[in-house]
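Report on one structure; see the data block that follows.
The values are calculated or read from the model by the stated rules, or taken from the named source; none is laboratory data. As the structure is a computational prediction, the values presented were derived from the model and not from experiment. We place every Cβ from the backbone using ideal geometry, glycine too, and count neighbours over all the protein chains shown.
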Amino acid sequence: MSIKTKLSLIMSVFALVILSLNIGLSYFSTRDNLRKDSESNMMLTGKQIALAVEQSRSVYDYVKRQFNEDINNALIMSTLSLASPGRIAEESLKSNENLLEITGMSLGSQSHVNILFGTNSYGNDSDLGSVRKALETRTSFLNDTHINGQHVLVSFIPIMPYQSESYVIRIISSYEPISSAISKVVWSQVSTSIVLLQIVVFASYILAGELTRPIHDILNRVNQLASGDFEDRLQVKSKDELGLLALRINAMARSLGRNTMELHRKNEENRAMKEHLESIINQTADAIHLTDLDGKIIRVNSAFEYLYGWTSEEVVGSRLDFIPSSPGEYRREWRKELELGRHFVLSEAVRICKDGSKINVSMSESPIFDEDGKITAVISISRDMTEHNKMEELLRRSEKLTMVGQLAAGVAHEIRNPLTTLRGFLQMQQRAKAINMSHTDLMLSELDRINLIVSEFLILAKPQAVHFQVKDVRFTLGDVISLLDSEAHLHNIEFEVHFPQDSVLVHCEENQLKQVFINVLKNAMEAMPVGGRITLRLDSDCPKHAVITVTDEGVGISKERLKKIGEPFYTNKEKGTGLGIMITQRIIEAHQGTLVIESEIGQGTVVTVTLPRIHAEAEQGNIGDNDIVG
């Protein structure tokens, strides 16, 4: 139903209510007025009859006094009958057809009603109480009642003569004239109201159309806005609420037009950016997969499908458990990482492909935040490190060969000394043709030293499988010092060692750690051309980390060179490869540790290596997990 129809209907209903109230008021006012008129007429009639009765009595008494007593009483009565109350009542009934009965009543001695004149055809039991009430209150009253099935008005008029008994004149009038007059008035009002209602309906419909025309214009404009047309404007001709609404709609249309254009522009930018990002994600060589907070995969790219063998349809919406159970797998909680202020995690790990094969990957995991700063998903980027690891292994072997060449002179010198001792003792025993046990013990100790030096030398020269084990870092450092001690003496360098008495256990590949410490000590020795002291300190105060500090008294490193240390092939040595520090850093990172180099020109260099520490209790709990290929 339209607003126009509703408004017209409301106005019509309001007019109908007003006309109905008018008809009701007319009905009640007409009825009350007619009743008052009837009551007044009956009162007037009663008073006239009472006056006639008094006159008749006065005439009767006068005639009796003037004439002799011998006059026939019947003659007097016949003479006075023309002015009797009954004759007056009859004449009054004849003159007014609406009057049904006029009766004079008084109270009898036995509490009953005496009929003084007139008839009592409409009498009932309530007459006694009404007569008594009229006489006691000395006021007239009117009753609206039904007698013998007929609707009538009964009026009781008390008469108080001067020198005679009081009585009541009861006048009964028909209600039909009042009903007829009321019906005429009501029908007249109804017919007039119907005509007025038709006029009001027609006028209200036209007026509603005029009032709702601006609303229709506004509705049409809003429909245009809904369809995307923001150009047209409403013509404001009034300053009422509808005019203000039209002004606001025009302002809204202008604002929507600007915002829509801006949204279209940003949508195009977002679409282009989305296509660009989609292209990057799908064309990149790194495997990318997104997971929700429950670990379910949301999306993968084509590189992920190629690397791991699963298709997007197979893994999206499911939890893909392709992480092997291994103590070398470091699983981090995002909450801990965020508490540290990091929004990404970098690690190297092993992953299982669809066919069950394992590959080494470099992982980068980052959270995805919503507008409120809450984490909604996690993006993981993995890269196949198989070829990279092979290259690093070749680089490590190359660096080992370089170290072997550098250590050859010192090792040869260290082996020549015990060989000279052995040759001398053998010559002495050959000349004496007897075995000296003290010389034999010295010869055996020299042979053991040669065996130790050769074993350490072979460890560096021979390729080794990568086995992570729990080792005491004190012994690892001691082996390296024993290997380099002879070369240090050649260059007038002394090792000063500060190790704790308690064991310091780390989970490591011992050969790689030896390569790290040999590289660090070799660099320190080369930085001290005139000799000096190299201090090795192992700090075990920290319960979670083992901190190894190597301090030399060399020439130091400038800040410019210090920034470039660790870059591939960067070196200031004539025969250096520039790969030693880079490989050292990679080995430390693989052990989840850190390497920090601090230096000043002329003040020496401090190299700090920090490794995750394992306590003896944890080592006993993981005794079966020590020999695992990393």
Original post:
Looking at (1) assigned to a loop (DSSP other than H, G, I, E, B); (2) at pLDDT 85 or above, which is the one condition that is false for Met525?
Top reply: (1)
Original post:
Hey, Glu567 hits all of (1) out of contact with any strand residue (DSSP E or B) (no Cβ under 6 Å at 6 or more places or on another chain); (2) at pLDDT 80 or above but one; which does it fall short on?
Top reply: (2)
Subject >> Failed item in (1) crowded, with 16+ Cβ neighbours inside 10 Å; (2) touching a residue at least 60 places away in the same chain (Cβ under 8 Å); (3) not in a helix (DSSP H, G or I), with Gln515 passing the rest >> reply: (3)
Original post:
Is it the case that region 309-320 has a residue that's in contact with a helix residue (DSSP H, G or I) (Cβ under 8 Å, 6 or more places away or on another chain), modelled with pLDDT of 70 or more and loosely packed, with under 14 Cβ neighbours inside 10 Å?
Top reply: yes
**OP:** Could you give me the residue pairs with C-beta distances under 9 Å whose first residue belongs to region 154-165 and is touching a residue at least 12 places away in the same chain (Cβ under 8 Å), whose second residue is loosely packed, with under 12 Cβ neighbours inside 10 Å wherever it lies, and which are 6+ apart or on separate chains?
**Re:** Pro158/Glu136; Pro158/Thr137; Pro158/Arg138; Pro158/Thr139; Met160/Arg138
Original post:
Just one of the numbered conditions (1) under 26 Å from Phe468 (Cβ atoms); (2) at pLDDT 70 or above; (3) in a loop (DSSP other than H, G, I, E, B) is not true of Glu329; which one?
Top reply: (2)
Subject >> Identity of the residue in region 21-50, in contact with a helix residue (DSSP H, G or I) (Cβ under 7 Å, 6 or more places away or on another chain) and among the basic types (Lys, Arg), that ends up farthest from Ile159 (Cα to Cα) >> reply: Arg31
Original post:
of a type outside the set (Gly, Ala, Ser), on the phi > 0 side of the Ramachandran plot and at pLDDT 85 or above - does that describe any residue in region 501-508?
Top reply: no
**OP:** State which residue is nearest to Val473 (Cα to Cα) when the search covers only region 530-544 and only residues that are part of a loop (DSSP other than H, G, I, E, B) and in contact (Cβ under 8 Å) with a residue 24 or more places away in the chain.
**Re:** Ser540
**OP:** Tell me which of these Ala246 doesn't satisfy, since it passes every other one: (1) small (Gly, Ala, Ser); (2) under 30 Å from Ala15 (Cα atoms); (3) in contact with an Asp or Glu (Cβ under 8 Å, 6 or more places away or on another chain).
**Re:** (2)
**OP:** Output yes when any residue across region 51-62 is modelled with pLDDT of 80 or more and either surrounded by fewer than 16 Cβ atoms within 10 Å (Cβ to Cβ) or on the phi > 0 side of the Ramachandran plot (or both), and no when none is.
**Re:** no
**OP:** Inspect all residues belonging to region 261-273 and state whether any of them is in a helix (DSSP H, G or I), more than 30 Å from Asn301 (Cβ to Cβ) and not small (Gly, Ala, Ser).
**Re:** yes
Original post:
Only one residue in Arg342, Arg396 is modelled with pLDDT under 80 and not in a loop (DSSP other than H, G, I, E, B), so which one is that?
Top reply: Arg396
**OP:** Can you work out which of the residues in region 134-156 that are outside any strand (DSSP E or B) and not hydrophobic (A, V, I, L, M, F, W, C) is surrounded by the fewest Cβ atoms within 10 Å (Cβ to Cβ)?
**Re:** Gly149
**OP:** Consider Ala287 carefully, then state whether it is among the small types (Gly, Ala, Ser), touching a strand residue (DSSP E or B) at 6+ places or on another chain (Cβ under 7 Å) and at pLDDT 75 or above.
**Re:** yes
Original post:
In region 491-511, which residues are farther than 29 Å from His467 by Cβ and surrounded by 14 or more Cβ atoms within 10 Å (Cβ to Cβ)?
Top reply: His491, Ile493
Original post:
Within the bounds of region 24-47, is there any residue that is under 12 Å from Ser173 (Cα atoms), β-branched (Val, Ile, Thr) and either surrounded by fewer than 14 Cβ atoms within 10 Å (Cβ to Cβ) or in contact (Cβ under 8 Å) with a residue 12 or more places away in the chain (or both)?
Top reply: yes
**OP:** For region 347-359, state whether one or more residues are surrounded by 15 or more Cβ atoms within 10 Å (Cβ to Cβ), of a type in the set (Asp, Glu) and modelled with pLDDT under 65.
**Re:** no
**OP:** Identify, by number, the condition in (1) farther than 22 Å from Ala377 by Cβ; (2) over 30 Å from the mean Cα position of the chain (by Cα); (3) not aromatic (Phe, Trp, Tyr) that Lys266 doesn't meet.
**Re:** (2)
**OP:** Residue by residue through region 274-302, note down the ones that are over 30 Å from Asp229 (Cβ atoms) and part of a helix (DSSP H, G or I).
**Re:** His276, Leu277, Glu278, Ser279, Ile280, Ile281, Asn282, Gln283, Ser302
Subject >> Scope region 166-208; condition touching a residue at least 40 places away in the same chain (Cβ under 8 Å) and not in a helix (DSSP H, G or I); matching residues >> reply: Ser166, Tyr167, Val168, Ile169, Arg170, Ile171, Ile172, Ser173, Ser174
Original post:
Of these, Val195, Val201, Val222, which one is over 30 Å from Leu99 (Cβ atoms), exposed (fewer than 12 other Cβ atoms within 10 Å of the Cβ) and at pLDDT 75 or above?
Top reply: Val195
Subject >> Cβ-Cβ under 9 Å pairs, at least 6 apart or on other chains, region 113-133 side without any contact (Cβ under 8 Å) to a residue 60 or more places away in the chain and part of a helix (DSSP H, G or I), far side surrounded by 13 or more Cβ atoms within 10 Å (Cβ to Cβ) and among the charged types (D, E, K, R) >> reply: Asp127/Arg170; Ser130/Arg170; Val131/Arg170
Subject >> Qualifying residues in region 257-298 (those that are in contact with a helix residue (DSSP H, G or I) (Cβ under 7 Å, 6 or more places away or on another chain) and either more than 25 Å from Phe322 (Cα to Cα) or aliphatic (A, V, I, L, M) (or both)) - the one surrounded by the fewest Cβ atoms within 10 Å (Cβ to Cβ) >> reply: Ala285
